[in-house]
Amino acid sequence: MFENFSLWPESASTVSGPIDALYLFLVGVSAFFVVLILSALVLFSIRYRRRPGHSASPIAGSMTLEIVWTVIPLAIVLFVFVWGTRLFVRVQTPPAEAMQFRVTGKQWMWKIQHPSGQSEINSLHVPLGEAVVLTMISEDVIHSFFVPAFRIKKDVVPGLYSTLWFTPTKAGVYHLFCAEYCGTKHSEMTGQVVVQDPAEYQLWLDGLPAAKNPVEAGALLFQNLRCDTCHSAAGVAPPGGARGPDLTGRFGSDVALADGQSMRFDARYVRESLLEPAKRLSAGFQPLMPSYQGQVREDEILSLIAYLESLQPADGPANAPKDGDR
Ligand code: CUA
């Protein structure tokens, strides 16, 4: 009878159970106090109602009562705070070994690129049981990537990379929504997440037209955008001499800037340097680089970033571990 009626979305990721538990606890605590307070209200208004022959007596106060109804709520609230914080950190921290997907949102669709380079629109196929990290950015306005069955949601913002991760625990097809009003067809900016057995996923992936993976695509863009006329990369120096910094092994390290500051060479920095090269100039170089604003799409910038990230010397980046939240 209630087959098509559910109060609760399916639970299909490693964090959906723990998030539901916290949510149910909050609902339970609220329900308990609603019942307690309303019952007392009803009971007292009957018991202490105005009657002939009874007169009200003043109450001086009770220290015990004050302490009890301060300490108990405090303990409950702190318990929820610690529980919620631990869960928040878990939900925000992707595992190191995760498949890297790239997501760009635009009015009104989701474009998703698999680690092997194939893309799909408004659907995301993932293998069961594998941790998946989404690096997301918007081409236009703020969107929000929301998969209720996984209990994950995060804003997808123009000019800023945000990450979201999940490990699906149940094969099936789940709703994908945009959860931020983004214009006329916001309500149509939906899609599906398809969780398949790993072998089935591989089969599905092989059925798509072959595509360059982000590193290969980025390497090609590096040539096509003529980045290689000024920057050395992967041991290849520009024919006329390098007018820009060597980009090998830079990703993940700190760069000294012309204004004396320093900055982590990460996804955000690469994107900004491409679009506003003069804003944070590397120390020792002239502001010669033109802006690529309007000439590269966000998914292309993501490929360039993947390429630069791949250009590590044999012994890894110069310093500092890779940032979890780029
Ligand atoms: Cu995109 Cu709402």
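Beta bridges assigned by DSSP with both partners in segment 1-156 are antiparallel in approximately 65 percent of cases. Entry for segment 214-310 at q = 0.24 Å⁻¹: log10 I(q)/I(0) = -1.55, Debye formula applied to identical alpha-carbon scatterers, no solvent contribution.
At an R0 of 25 angstrom, the distance between the Cβ atoms of SER262 and GLU97 translates into a FRET efficiency of 0.25. For the chain, a Gaussian network of Cα nodes joined below 10 Å ranks PHE25, PHE166, PHE177 by mean-square fluctuation, and the top entry is PHE25. Extension gain for the segment TYR48 to LYS212, taken as residue separation times 0.36 nm less the Cα-Cα distance, is 51.2 nm to one decimal.
Relative to the longest principal axis of the Cα atoms of the chain, the long axis of helix 298-310 makes an angle of roughly 70 degrees. Helix 214-224 and the long axis of the chain differ in direction by around 40°, with both axes built from C-alpha atoms.
If R0 is 51 Å, the Cβ-Cβ spacing of ARG280 and SER187 corresponds to a FRET efficiency of close to 0.85.
Charged side chains reduced to their Cβ positions (Lys and Arg at +1, Asp and Glu at -1) give the chain a dipole of some 1360 debye around its Cα centre. Applied to segment 8-15, the Karplus parametrisation 6.51 cos²θ - 1.76 cosθ + 1.60 on θ = phi - 60° returns per-residue 3J(HN,Hα) values of 9, x, 4, 10, 9, 9, 5, 9 Hz, with x for Gly and Pro. Rounded to the nearest 500, the 222 nm mean residue ellipticity of the chain from helices alone is -10500 deg cm²/dmol, with -39,500 (n - 2.57) taken per DSSP H run of at least 4 residues.
Counting only residues at least eight positions apart within a chain, or on another chain, the lysines with an alpha carbon under 23 Å from that of LYS111 are LYS153, LYS154, LYS185, LYS212. Here the Gaussian network model covers the chain, with springs between Cα atoms less than 10 Å apart; of TYR161, TYR23, TYR174, TYR23 fluctuates the most.
The modelled label-to-label distance between ASP197 and SER310, using points 7 Å beyond Cα along the C-beta direction, is 3.1 nm. If you sort the three axes of the alpha carbon gyration tensor as a ≥ b ≥ c, you get a/c of 1.5 or more for segment 111-222 and a/b no higher than b/c, which makes it oblate. Among ARG102, ARG86, ARG50, which one shows the biggest mean-square fluctuation in a GNM of the chain, springs joining Cα atoms closer than 10 Å? For the chain, modelled as a Gaussian network with Cα springs under 10 Å, the answer is ARG50. Nearest 5 is fine: what % of DSSP beta bridges in the chain come out antiparallel, could you say? Rounded to the nearest five, the antiparallel share is 70 percent.
On the principal axes of its alpha carbon atoms, the chain extends 106, 55, 42 Å, with the longest extent given first.
Note on ASP20 and SER119: with the Förster distance fixed at 41 Å, the Cβ-Cβ geometry gives a FRET efficiency of about 0.80.
Laboratory data are not the source of any read-out in this text; all were calculated from the coordinates shown. Note that this is a predicted model, so its numbers are computed, not measured. With ideal geometry, Cβ positions are generated from the backbone for all residues, glycine too; neighbour counts draw on all protein chains shown.
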